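Working notes for the structure below.
The values are calculated or read from the model by the stated rules, or taken from the named source; none is laboratory data. Only a predicted model underlies this, so the values are computations on that prediction, with no experimental measurement involved. A quick note on method: Cβ atoms are made from the backbone with ideal geometry, for glycine too, and the neighbour counts reach across all protein chains shown. With ligands, DNA and RNA removed, areas are computed over all heavy atoms of the protein, side chains included. Shrake-Rupley method; radii C 1.70, N 1.55, O 1.52, S 1.80 Å.
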Amino acid sequence: MTDTIRIAREEDLGRILELYARARVRMAENGNPNQWGTSWPEEWKVREDMENRRLYVICRGDTIRGVFCLLSGGDPTYRQIEGGWHSDCSYCAIHRIAGEGGGIFAAAVEYAERFWPYLRVDTHEKNTAMRRAILRQGFSYCGMIRAEDGTLRLAFDRLRENGISDR
């Protein structure tokens, strides 16, 4: 059975919060207890993402196995970077990704790239699993940005030109 991706709906909220809770536990168990702490993303943020139609779920049959946010039109946390982006064209940022089973980030990237040739993503330096997934998908390191809470994050980007990724 193949995965499908769709906009998150109100009835998905419980499962989405469960996926985020499990992700926080996994991050803490793997030496990254601070990226999302014990409550991020909070329910109000998930609801805000849903209301703005930027939260997506990855489904296998009727089961939601992943969730991610796509933020297009510019991310305020990406305005200043210690380093430099590889392009200044419009982009889509992938945020708040969590899931069960493999291929969640790859599915989010494949979906986002259908609509935006230039993608950006960031993660905590201690999130080694996410860093591996980002590099496996052909993203390049750009430098450091500050997240909404002021903490530093490793920033990456990927530019597809003429339908083919340049990385």
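Below are the figures for this structure:
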quantity	calculated
Extreme residue, least open to solvent (accessible area, probe 1.4 Å), among residues of the stretch 147-167 that are basic (Lys, Arg) and modelled with pLDDT under 95	160
Per-region count, the stretch 103-121, residues open to solvent by 10 Å² or more (accessible area, probe 1.4 Å) and either modelled with pLDDT under 95 or more than 21 Å from residue 16 (Cβ to Cβ) (or both)	7
Verdict on residue 49 being surrounded by 15 or more Cβ atoms within 10 Å (Cβ to Cβ), out of contact with any Gly (no Cβ under 9 Å at 6 or more places or on another chain) and acidic (Asp, Glu)	yes
Single condition residue 44 does not satisfy, out of (1) assigned to a helix (DSSP H, G or I); (2) surrounded by 12 or more Cβ atoms within 10 Å (Cβ to Cβ)	(2)
The stretch 10-44: number of residues that are in contact with a strand residue (DSSP E or B) (Cβ under 8 Å, 6 or more places away or on another chain) and more than 13 Å from residue 99 (Cα to Cα)	3
Yes/no for residue 22 being open to solvent by 30 Å² or more (accessible area, probe 1.4 Å) and either of a type in the set (Asp, Glu) or over 15 Å from the mean Cα position of the chain (by Cα) (or both)	yes
Residue in the stretch 56-102 that is farthest from residue 8 (Cα to Cα), counting only those that are open to solvent by less than 50 Å² (accessible area, probe 1.4 Å), in contact with a strand residue (DSSP E or B) (Cβ under 8 Å, 6 or more places away or on another chain) and small (Gly, Ala, Ser)	84
Filter result (in a loop (DSSP other than H, G, I, E, B) and either at pLDDT 95 or above or touching a His at 6+ places or on another chain (Cβ under 9 Å) (or both)) within the stretch 1-39	8, 9, 32, 34, 35, 36
